[in-house]
Amino acid sequence: MKLTFAGTGSAFCTAADNFQSNMILETTNTDTGQLARMLIDCGTDARHALHRLGLWPKDFEAIYVSHLHSDHIGGLEWIALSNYFIFRRHRVDLYLVDELIEPLWEHSLRGGLEVSDHGDSTLDTYFNVKPMAPKGSFNWHDVKMDILPVDHIVADEGKMLSYALFGETKSTRFFVTTDAIFDPDAHMPYYRKADIIFQDCELGPRHSGVHAHYDQLKTLPDDIKAKMWLYHYPAYAKPDAVADGFCGFAMPEQSFDLA
Ligand SMILES: [Zn+2]
Ligand SMILES: [Zn+2]
């Protein structure tokens, strides 16, 4: 199993050589023996990021959605319409927790997808929707994924969760934080048991409070930082993460062997 970053940038990253933080998992389809791909999140610039990798919407068997910010779901209309009209109605399995399904359709996708060649399309017209429990798990070929709700935005009036992934292959346990506040108490059990951590990381002068900031992550124990790759960073100059004890900043198109 291989994980490749289509991009490693933040939602607002405008670096000429980077895109939003979407990832591609590749493994062997246990039924057919063919290559299978899952896209972990599909942001507004996914069509450019995937094109650079030579990939099209038809090349994915599955998409996982962590939460509803547009750097994670803004490319789904493109995927849906491309597969429906261009790629012979290729259907992608869409994995997401059940409480995201209605808002994803009603508040994000319906405006562009309800009327296509007929007027009453739904999410099921385009995708094989796979509703997941918020703390559930699913098997995708040779990987078991646990879904971990993590706090992303905590406001007086409400909270936005993201649904992180803890994956386990035959030999590797990996933790993808998706978008999360710095919350070492909540995340430490997963930090500890992971062999490799992909951690969202904010840079620059502003601490938004909705992502872990580099300055906060630096305070983690050395043995955690030593297996942590940083991603979802804006286009500021990067500090020397290796000198600070991290594996480093994941780079766009960088791949990791998780077999
Ligand atoms: Zn994001
Ligand atoms: Zn987000």
Protection-proxy order for peptides 146-154, 226-234, each taking the mean of Cβ atoms within 10 Å per residue, highest first: 226-234, 146-154
Relative contact order computed over the range 59-118 (Cα-Cα under 8 Å; 6+ residues apart), in percent: 42
Rg/Rh (Cα only; Kirkwood hydrodynamic radius) as it applies to the range 2-252: 0.96
Residues of the range 78-110 with amide N under 15 Å of a point placed 7 Å along Cα→Cβ from Ser116: 78-94, 105, 109-110
Rounded percent of accessible protein surface that carbon and sulfur make up, the range 2-252, 1.4 Å probe: 50
Under the Karplus curve 6.51 cos²θ - 1.76 cosθ + 1.60, θ = phi - 60°, whole-Hz ³J(HN,Hα) for the range 244-259, x wherever Gly or Pro sits: 8, x, 7, 5, x, 8, 5, 10, x, 6, 6, 10, 10, 7, 10, 5
Relative contact order (%) - the range 121-255, alpha-carbon pairs under 8 angstrom, separation at least six: 15
Cross-link pairs Lys170/Lys238; Lys193/Lys238; Lys135/Lys225; Lys58/Lys144; Lys58/Lys227 - those with Cα-Cα distance over 30 Å: Lys170/Lys238; Lys58/Lys227
Charge dipole (debye, nearest 20) of the range 17-124; +1 at Cβ of Lys and Arg, -1 at Cβ of Asp and Glu: 480
Cα centre as origin, Lys/Arg/Asp/Glu Cβ charges: the range 2-252 dipole, Debye: 740
Karplus (6.51, -1.76, 1.60) ³J(HN,Hα), θ = phi - 60°, over the range 62-76, in Hz, Gly and Pro reported as x: 8, 10, 10, 10, 8, 6, 9, 5, 5, 6, 10, 10, x, x, 5
Gain in span if fully extended, Lys135 to Asp156, counting 0.36 nm per residue against the direct Cα distance: 5.2 nm
Surface accessible to a 1.4 Å probe, per residue, for the residues of the range 2-252, Å²: 43
Amide H within-cut-off set for Leu94, under 5 Å, with H built and near neighbours excluded: Ile63, Asn128, Val129, Lys130
Neighbourhood charge, 14 Å Cβ-Cβ cut-off, centred on Val210 and excluding it, Lys, Arg +1 and Asp, Glu -1: -4
D_trans [Stokes-Einstein, Kirkwood Rh over alpha-carbon pairs] for the range 67-161, 10 °C, 1.306 mPa s, µm² s⁻¹: 108
Length gained when the stretch His48-Phe87 is fully extended (0.36 nm per residue, less Cα-Cα span): 12.3 nm
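The values are calculated or read from the model by the stated rules, or taken from the named source; none is laboratory data. The shown structure was predicted, so the numbers you read here are calculated from the model rather than taken from an experiment. In this analysis, Cβ positions are derived from the backbone assuming ideal geometry, glycine residues included, and neighbour counts consider all displayed protein chains. These accessible areas exclude ligands, DNA and RNA; they are computed on the full protein's heavy atoms, side chains included. Shrake-Rupley method; radii C 1.70, N 1.55, O 1.52, S 1.80 Å.
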